[in-house]
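Enquirer: If you scroll down you'll find the structure; I have some questions about it.
The values are calculated or read from the model by the stated rules, or taken from the named source; none is laboratory data. Because the structure is predicted, anything quoted here is derived from the model rather than measured. No Cβ is skipped: glycine too gets one built from the backbone with ideal geometry, and neighbour counts run over all protein chains shown.
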C-alpha cells in the first residue's frame with residue numbers, strides 16, 4: 001500500500017536502527033559494569049529487597065521471576081551481545097519476524113533492568129531509550145520498505161522531547177525568559193565536559209544568543225517536524241545541530257545522542273542529495289501492516305497523557321504514565337542553579353580522631369573533585385553514581401536512600417564500589433573513618449587558570465556528614481557489607497542542608513535537569 005511504504009527513507013532507517021542499537025549496547029555495558037555496587041545483592045539499593053516490596057504489576061520485568069547477581073550479569077551481557085549484533089546488521093540478515101523479535105528482546109531486557117534500577121535509573125533518558133526502542137521493534141528490516149506510520153511516530157517523539165523541554169523552561173526559571181540562564185548553566189550543570197569551562201567563559205551576549213536559540217529550536221522548530229518535506233527535514237537538521245552543540249558543552253549520558261538518532265527519522269535522504277531507495281522493496285506482509293497500524297493507534301491513544309501534561313500549567317518533566325515506559329513526557333532544566341554545590345568525601349586511617357587528623361579525598365571519574373583536573377568526556381556512557389552525587393549536593397533528601405550505604409562500603413573497602421571511583425586513597429586497607437563536606441565550586445577565570453593551573457576554585461561550606469566508622473553505622477541500622485562486625489552507640493543521619501543566602505536574584509532554584517522522579 002502506497003500510504004504504508006516510504007522506500008526513500010531506507011538510509012534514514014538504517015542509521016536509526018544501527019545507532020539506536022549502539023546506544024542500547026552502551027546502556028547494557030553500563031548496567032553490567034556498575035550493577036553490583038548499586039543494585040546487586042550486596043549493593044546500596046539491592047534488587048531482592050526492592051522486588052520483595054514492589055509487586056510485578058508495578059515494575060514488570062524478568063527479575064521478579066528470579067534474581068541473582070550472576071543472573072543479572074547474564075541478562076546485561078546478553079543484551080550487550082544482542083545489541084552489538086543488531087548494530088552490526090543482524091536485523092537485516094534475518095527474516096522480518098526475527099528482526100522484530102530481536103528488537104523486542106532488547107526492549108524487554110532493558111525494561112527489566114530499568115524497572116528494578118530504582119533511583120539509579122530514574123532519569124528521563126532511560127524512558128526515552130525504552131520508548132524509542134519500542135518503536136524500533138516495528139521499523140522493519142531490509143526485506144520491506146520503511147513503514148511511514150512508524151517514521152511519523154518517531155517524529156512525534158522528537159517533537160515531545162523538544163517541545164516539552166521548551167515549555168518547561170518558558171514556564172520555569174525566570175532566567176530563561178530574560179536570557180541569562182547560560183551565565184550559570186555551563187558551570188552548574190550535573191557533569192561538565194572538557195569544553196564546559198570554555199563555554200562558560202563565552203561573552204555574555206553569546207550566552208543570550210544561546211538562550212534565545214534554545215527557545216527557537218525547542219518551541220518553534222519542532223512544529224516543522226510535523227509538516228511535509230522538505231520542512232520536516234530542515235527542522236530535523238536544526239534539532240541535530242543543536243544537540244551536537246549540547247554534546248560538546250557537557251555530559252548528559254545518551255540523551256542528546258538519542259535525540260539525534262530519532263531526528264534522523266525525519267530526514268529524507270533524497271532531499272539532501274543522498275541516494276534514495278537502493279532497490280524495489282517487495283510489498284509488506286499483511287500481518288505486518290496490521291501490526292504497525294495497531295501500534296500507531298495505541299500510541300495516539302496513549303499520547304493523551306503527555307499532551308495534557310504539556311498543556312497544563314503544572315507541567316512536570318520526565319514522567320512515565322505507565323509501567324512500560326511507553327509514550328512518556330520529557331523536559332530538562334526547568335530551573336538552573338546559580339551555585340555549584342559538591343559533596344567531597346574523605347577518609348582517614350587513624351584510629352583516634354584529633355584536630356590534626358589527616359584526611360584523604362576520594363576521586364570520582366566524572367564529577368568535579370580535584371580542582372586541577374580538567375572535566376572529562378564520558379557521554380554517551382552514564383556514570384550513575386557521579387550523577388547522583390550531584391543531586392546529593394543539592395539536597396540530602398536525594399541521597400538519603402543510598403548515601404550511608406555508600407559510606408559503609410567505603411569503610412569496608414568494597415571492591416565493586418571502589419571500581420566506580422577514579423581514585424581510592426586507601427589501596428592497602430579501608431579507612432577507619434569517612435566524612436563528607438559540602439563545597440561551593442566555581443570555574444576559575446583565564447588569569448587564575450594561567451597562574452595556578454586550576455580549572456575550579458572551591459570553598460568549604462559546611463559539614464555534610466560528620467566522621468563515621470563501622471560501629472557507628474551499625475548502631476544506625478546499616479548492615480555493613482562483606483560481613484564486617486558492627487556495634488556502637490552513636491546516632492547517624494544526614495544533617496539538614498543549610499543553603500547559602502546570596503542576594504535573592506542569585507539564589508538557587510529547584511533542582512534542574514533530568515532529576516529523579
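Table: residues versus (1) within 25 Å of residue 248 (Cα to Cα); (2) more than 21 Å from the chain's Cα centre (by Cα); (3) at pLDDT below 95.
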{"site": "340", "(1), (2), (3)": "yes, no, no"}
{"site": "385", "(1), (2), (3)": "yes, no, no"}
{"site": "395", "(1), (2), (3)": "no, no, yes"}
{"site": "410", "(1), (2), (3)": "no, yes, no"}
{"site": "424", "(1), (2), (3)": "no, yes, no"}
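Enquirer: Could you please tell me which pairs satisfy a Cβ distance under 7 Å, a separation of 6+ or placement on different chains, a first residue in the stretch 76-93 that is closer than 12 Å to residue 20 by Cα, and a second residue that is surrounded by fewer than 18 Cβ atoms within 10 Å (Cβ to Cβ)?
Expert: 87/18
Enquirer: A further question follows. Starting from the stretch 226-240, take each residue that is not assigned by TED's automatic domain parsing to the domain that holds residue 153 and list its partners that are buried (at least 18 other Cβ atoms within 10 Å of the Cβ), counting only C-beta distances under 6 angstrom and pairs at least six apart or across chains.
Expert: Correct list of pairs: empty, since none qualify.
Enquirer: What about residue 251, is it at positive phi, in contact (Cβ under 8 Å) with a residue 60 or more places away in the chain and under 27 Å from the mean Cα position of the chain (by Cα)?
Expert: It is false that residue 251 is at positive phi, in contact (Cβ under 8 Å) with a residue 60 or more places away in the chain and under 27 Å from the mean Cα position of the chain (by Cα).
Enquirer: Quick check: anything in the stretch 68-83 in a loop (DSSP other than H, G, I, E, B) and not assigned by TED's automatic domain parsing to the domain that holds residue 406?
Expert: yes
So that you can scan it fast, the table gives a plain yes or no per residue for (1) closer than 19 Å to residue 38 by Cβ; (2) surrounded by 18 or more Cβ atoms within 10 Å (Cβ to Cβ):
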| position | (1), (2) |
| --- | --- |
| 413 | yes, yes |
| 431 | no, yes |
| 435 | no, yes |
| 447 | no, no |
| 451 | no, no |
| 457 | no, no |
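Enquirer: Okay, next question. Just give me the residues in the stretch 227-274 being part of a loop (DSSP other than H, G, I, E, B) and either in contact with a strand residue (DSSP E or B) (Cβ under 9 Å, 6 or more places away or on another chain) or more than 30 Å from residue 189 (Cβ to Cβ) (or both), in sequence order.
Expert: 227, 228, 229, 230, 251, 268, 273, 274
Enquirer: Exactly one condition in (1) within 26 Å of residue 379 (Cα to Cα); (2) at pLDDT 95 or above is false for residue 250; which is it?
Expert: With (1) within 26 Å of residue 379 (Cα to Cα); (2) at pLDDT 95 or above applied to residue 250, the lone miss is (2).
Enquirer: Please state which one of 172, 193, 273 is within 22 Å of the chain's Cα centre (by Cα) and at pLDDT below 95.
Expert: Of the residues listed, the single one that is within 22 Å of the chain's Cα centre (by Cα) and at pLDDT below 95 is 172.
Enquirer: Also: Does the stretch 97-129 hold any residues that are part of a loop (DSSP other than H, G, I, E, B) and either over 16 Å from the mean Cα position of the chain (by Cα) or at pLDDT 95 or above (or both), and which are they?
Expert: Result: 115, 116, 117.
Enquirer: Would you say residue 8 is surrounded by 15 or more Cβ atoms within 10 Å (Cβ to Cβ), over 24 Å from the mean Cα position of the chain (by Cα) and either within 29 Å of residue 293 (Cβ to Cβ) or not assigned by TED's automatic domain parsing to the domain that holds residue 408 (or both)?
Expert: yes
Enquirer: Please work out which one of (1) touching a residue at least 12 places away in the same chain (Cβ under 8 Å); (2) over 30 Å from residue 8 (Cβ atoms); (3) in a helix (DSSP H, G or I) is the condition residue 205 fails and give its number.
Expert: Going through (1) touching a residue at least 12 places away in the same chain (Cβ under 8 Å); (2) over 30 Å from residue 8 (Cβ atoms); (3) in a helix (DSSP H, G or I) one by one, residue 205 breaks only (1).
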